[in-house]
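Some notes on the structure that comes next.
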Amino acid sequence: MAYMAPNAAANKEEKAETVFAADLEVQGTIKFTGSLMIEGVFNGEILSEGLLIVGPEAKVTATIRTKNLISRGEIHGDVFAGEQVVLEKTAVHNGNITSPGIVIERGSTFNGSCSMKRDASVGPQGN
């Protein structure tokens, strides 16, 4: 019998406190503690103690340090997540992932390496 990971997307998507709209294109650093859904274009760095959701049309070029990531869009850059990364079937990820938990759905594209560290230091302030 195969192990079925909890559906992080179903449990957490509705809790996105802030939405970065599809018509926005931003460069810089984003810091937040709650939850954020990106639907537009972002270039820079993302530092979070919460949940980051990358929407299906989003294009993100960034180093990302977060607690949890759910991606349905396109990410170019390394991700460090303290708990879990979920790449849903529409996700394209070009970069490395460091997280104790990772779910890669069939249909997604992942080009990089994965390191499953069980160390809390991979969050926003860690390595």
| query | Which of the residues that make up the range 32-71 are touching a residue at least 60 places away in the same chain (Cβ under 8 Å) and either of a type in the set (Lys, Arg) or outside any strand (DSSP E or B) (or both)? | reply | 49, 65
| query | What tally of residues in the range 1-45 results from selecting those that are crowded, with 17+ Cβ neighbours inside 10 Å, within 19 Å of residue 74 (Cβ to Cβ) and either modelled with pLDDT of 95 or more or of a type in the set (S, T, N, Q) (or both)? | reply | 8
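The values are calculated or read from the model by the stated rules, or taken from the named source; none is laboratory data. Bear in mind the structure is a predicted one, so any value in this text is a computation, not a measurement. Please note: Cβ atoms are built from the backbone with ideal geometry, for glycine as well, and neighbour counts cover all protein chains shown.
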